[in-house]
Amino acid sequence: MRKTPRWTLLTWALASLTGCVESALNPGDSVSVTGSALEEDKSPLAAVELLLERSENSACLLTTGFGTVKTDSAGAYRHALTGAQTQNGEIARCFRLKLPRGDRGAEVGADFLVQITQVQVPALQRWRGSVAATQGAAGVELAFVDLSKSHGLSGLRYTALVRAGGGVLWERKDAVSPVVLSDFVLEDFAAASATLVTSSEQKGSGTTFTLRHETDSASLPQRQKVPASRGAGCSYSGAPASCPLTDGKLERVSLANDVTELTVSLTSPRTLKKVVLRGFGASVPATIVLEGSNGASWTKLADLSATEEFQEVDLLAGTPPIQTVRLRGTRTDGGTFALRTIAELSVFE
């Protein structure tokens with residue numbers, strides 16, 4: 001007999017945030033997971049192996065491989081589990097089922113808990129998105145076809161992800177086709193490519209399925225915008241001799257707990273017009289400001305967001321030539337330690 005969860009809806013909602021949702025199955029239950037795998041045009045993906053992963057708890061933050069699921073000639077699959085395999089003690093594990101990546105990188109997967117013995121996963125249908133990049137008057141234009149055209153879904157929000165050298169070069173939330181990527185954003189990074197991602201939720205089979213779609217990848221034309229700060233020295237608590245914030249690489253730096261400001265020193269005074277932040281993180285609520293100096297007092301150059309990881313901001317007009325740039329954070333609730341992470345700080349003339 002299947003056991004009855006003792007938790008209320010509110011308790012379940014709170015517990016799901018911490019990855020601790022009680023399993024509704026008995027260890028000896030026989031479980032069947034079924035579904036189908038489709039191409040973007042809804043043609044079946046026959047005889048393909050889907051990757052099945054699971055986590056240690058009810059949150060799909062860290063998953064590890066648990067097996068593969070193969071489709072038949074019609075793109076359908078059926079996979080058998082036991083109740084014990086869906087649990088870690090009394091806790092329901094989160095499962096992730098993913099299609100293999102398409103030939104140009106398109107990927108789709110579903111995260112879900114197994115709380116009943118007959119689980120019907122929504123169709124895993126690729127979204128290639130007809131992604132294309134061209135050079136426009138204001139920068140590189142990234143065009144795509146949204147998911148509603150092929151999947152019948154609407155009201156979704158899209159994020160454009162630009163990658164280069166194994167890292168994330170840029171992220172544009174609430175993306176609408178065409179997405180314009182300026183030369184300041186792309187700098188001189190080589191072999192950059194872009195995709196669109198979106199997620200949605202569907203309820204069924206006693207759980208909520210979280211679906212994540214990613215389009216094909218499109219190569220971007222290389223630009224040659226080199227920031228005035230490239231290779232400049234920087235100073236902050238724990239900074240190495242060679243500044244990792246101006247080196248044109250995308251590794252994110254975790255700052256020490258006592259970092260509330262950092263400075264970048266240019267080789268000579270420059271008339272600056274733009275700042276680009278990548279991989280930025282700060283304690284919130286916080287106020288983040290960019291300031292400049294040429295040896296005397298500090299002048300405000302721009303107010304920045306404490307919550308956006310990727311930012312392209314015009315500097316205030318009429319500022320004098322600047323040799324030292326300072327990024328400073330203050331907690332609006334009176335606390336300290338505002339700055340947390342940063343990959344690159346680029347300022348441009």
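Worth pointing out:
- The residues of segment 242-262 that are modelled with pLDDT of 95 or more and open to solvent by 70 Å² or more (accessible area, probe 1.4 Å), listed by number, are S242, K249, E251, R252, S254, E261.
- Some residue of segment 248-262 being assigned to a loop (DSSP other than H, G, I, E, B) and over 26 Å from the mean Cα position of the chain (by Cα): yes
- Within segment 112-138, the set of residues being of a type in the set (S, T, N, Q) and not in a strand (DSSP E or B) comprises Q115, T117, S130.
The rows are residues; the columns are (1) surrounded by fewer than 20 Cβ atoms within 10 Å (Cβ to Cβ); (2) free of Cβ contacts under 8 Å to residues at least 60 places away in the same chain; (3) of a type outside the set (D, E); (4) within 30 Å of K149 (Cα to Cα).
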{"residue": "K42", "(1), (2), (3), (4)": "yes, no, yes, yes"}
{"residue": "R54", "(1), (2), (3), (4)": "no, yes, yes, no"}
{"residue": "D72", "(1), (2), (3), (4)": "yes, yes, no, yes"}
{"residue": "N88", "(1), (2), (3), (4)": "yes, yes, yes, no"}
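- Tally, over segment 186-213, of residues that are touching an Asp or Glu at 6+ places or on another chain (Cβ under 6 Å) and closer than 27 Å to K225 by Cβ: 2
- Test: R212 is over 26 Å from G102 (Cβ atoms) and charged (D, E, K, R): no
- Matching residues in segment 296-309 - criterion: being open to solvent by 70 Å² or more (accessible area, probe 1.4 Å) and more than 28 Å from the chain's Cα centre (by Cα): A296, S297, W298, K300
- F280 vs. criteria closer than 18 Å to L169 by Cβ and touching a strand residue (DSSP E or B) at 6+ places or on another chain (Cβ under 9 Å): yes
- Within segment 263-273, the set of residues being in a strand (DSSP E or B) and open to solvent by less than 70 Å² (accessible area, probe 1.4 Å) comprises T263, V264, S265, L266, S268, P269, R270.
- Some residue of segment 216-225 being out of contact with any strand residue (DSSP E or B) (no Cβ under 8 Å at 6 or more places or on another chain) and of a type in the set (A, V, I, L, M, F, W, C): no
- Residue within segment 145-157 that is assigned to a loop (DSSP other than H, G, I, E, B), surrounded by 20 or more Cβ atoms within 10 Å (Cβ to Cβ) and among the basic types (K, R) present: no
- Residue satisfying all of: in segment 310-349; in a strand (DSSP E or B) and acidic (D, E); most open to solvent (accessible area, probe 1.4 Å) among these: D314
- Any strands (runs of 3 or more DSSP E) falling wholly within segment 1-108 and containing at least 3 residues that are polar (S, T, N, Q) and either more than 21 Å from L211 (Cα to Cα) or modelled with pLDDT of 95 or more (or both): 30-38, 63-70
- Residue match in segment 322-343 (condition: among the acidic types (D, E) and touching a Lys or Arg at 6+ places or on another chain (Cβ under 8 Å)): no
- Residue tally, condition in contact with a helix residue (DSSP H, G or I) (Cβ under 9 Å, 6 or more places away or on another chain) and surrounded by 20 or more Cβ atoms within 10 Å (Cβ to Cβ), over segment 193-222: 2
The values are calculated or read from the model by the stated rules, or taken from the named source; none is laboratory data. Keep in mind the model is a prediction, meaning the values are calculated, not measured. No Cβ is skipped: glycine too gets one built from the backbone with ideal geometry, and neighbour counts run over all protein chains shown. These accessible areas exclude ligands, DNA and RNA; they are computed on the full protein's heavy atoms, side chains included. Shrake-Rupley method; radii C 1.70, N 1.55, O 1.52, S 1.80 Å.
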